[in-house]
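The structure appears below as C-alpha cells.
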Amino acid sequence: MYKELRALSADQLTELDFPGYALGGLSVGEPAEMMYEMAHHTVPLLPGDRPRYVMGVGTPENIVELVGMGVDMFDCVMPTRNARNGQLFTSQGTMNISNAAFTMDDSPIDPECRCYTCRSYSRAYLKHLYKTRELLAYRLNTIHNLHFYLNLMEEIRNAITEDRFNEFKKKFADH
C-alpha cells in the first residue's frame, strides 16, 4: 500500500510493453477505502489501450467502483465461495439462504433474476437443501451467483457502450 512502489512497478512494467496489466495486492484485508485509494493512484499509470486487470477483488460494489476507475477485468472466488456458504447476491443486496425467514418462502431468490435456479426453485426449497447439506444446494446457489455476476458485467458493458455508466453507478449504489 505504498504509492511510490506502485508507481515504480507500473513504470517498469509498462516499459516491457505487455498486452495487458494486472494490479494485485488490493484485496488482502485492507479497508475498501485503502484499496480504492491505491487503485485510483495506480490505474491511470497503466496504458489505457490495454486491458487492466485487478486480481482477487470481488464484491459487486467493488467491481462497479473499479470499473469507474478504468479497470477492465476481474477474477474472484467470491461468487462461488459465498454460494457454498449460503450467501446469495440479489438485486436487493445479499441474502443468507439459511435465515429462518425463508423456511416457508415460495418466492425465488431474486424476482428480477432469470437464472435457472430462480426460475425453478423457491427460497424455502433452497434453504432446505442448504440446511440438510444436500450437494445440490451448492450447485444451485453457485448457478445463481454466477448468473448474477455475469448479468452485472453485461449491465456495466451496456452502460459504458451507451455512455451512461455514471448514471448506472449511481443507481447501483442506491439499490
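The values are calculated or read from the model by the stated rules, or taken from the named source; none is laboratory data. Please read all numbers here as calculations on a predicted model, not as lab measurements. Cβ coordinates were reconstructed from backbone atoms using ideal geometry, including for glycine residues, and neighbour counts include every protein chain displayed.
Overview of values
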read-out	value
Residues located in the range 121-175, provided they are polar (S, T, N, Q) and surrounded by 12 or more Cβ atoms within 10 Å (Cβ to Cβ)	Ser122, Asn141, Thr142, Asn145, Asn151, Asn158
Leading residue by the ranking (nearest to Arg133 (Cα to Cα)) among those in the range 81-98 that are in contact with a Phe, Trp or Tyr (Cβ under 9 Å, 6 or more places away or on another chain) and among the hydroxyl-bearing types (Ser, Thr, Tyr)	Ser98
Residues within the range 85-106 that are under 21 Å from Asn62 (Cα atoms), at pLDDT 95 or above and not in a strand (DSSP E or B), tallied	2
Residue, nearest to Ala137 (Cα to Cα), within the range 73-89, restricted to residues that are polar (S, T, N, Q) and surrounded by fewer than 19 Cβ atoms within 10 Å (Cβ to Cβ)	Asn85
Any chance Gly93 is in contact (Cβ under 8 Å) with a residue 12 or more places away in the chain, exposed (fewer than 13 other Cβ atoms within 10 Å of the Cβ) and not assigned by TED's automatic domain parsing to the domain that holds Arg50	yes
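Matching residues to (1) over 20 Å from the mean Cα position of the chain (by Cα); (2) modelled with pLDDT under 95; (3) aromatic (Phe, Trp, Tyr); (4) in a strand (DSSP E or B):
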residue: Arg6; (1), (2), (3), (4): yes, yes, no, no
residue: Pro19; (1), (2), (3), (4): yes, no, no, no
residue: Ala22; (1), (2), (3), (4): no, yes, no, yes
residue: Val28; (1), (2), (3), (4): no, yes, no, no
residue: Met34; (1), (2), (3), (4): no, yes, no, no
residue: Val43; (1), (2), (3), (4): no, no, no, no
residue: Arg50; (1), (2), (3), (4): yes, no, no, no
residue: Val57; (1), (2), (3), (4): no, yes, no, no
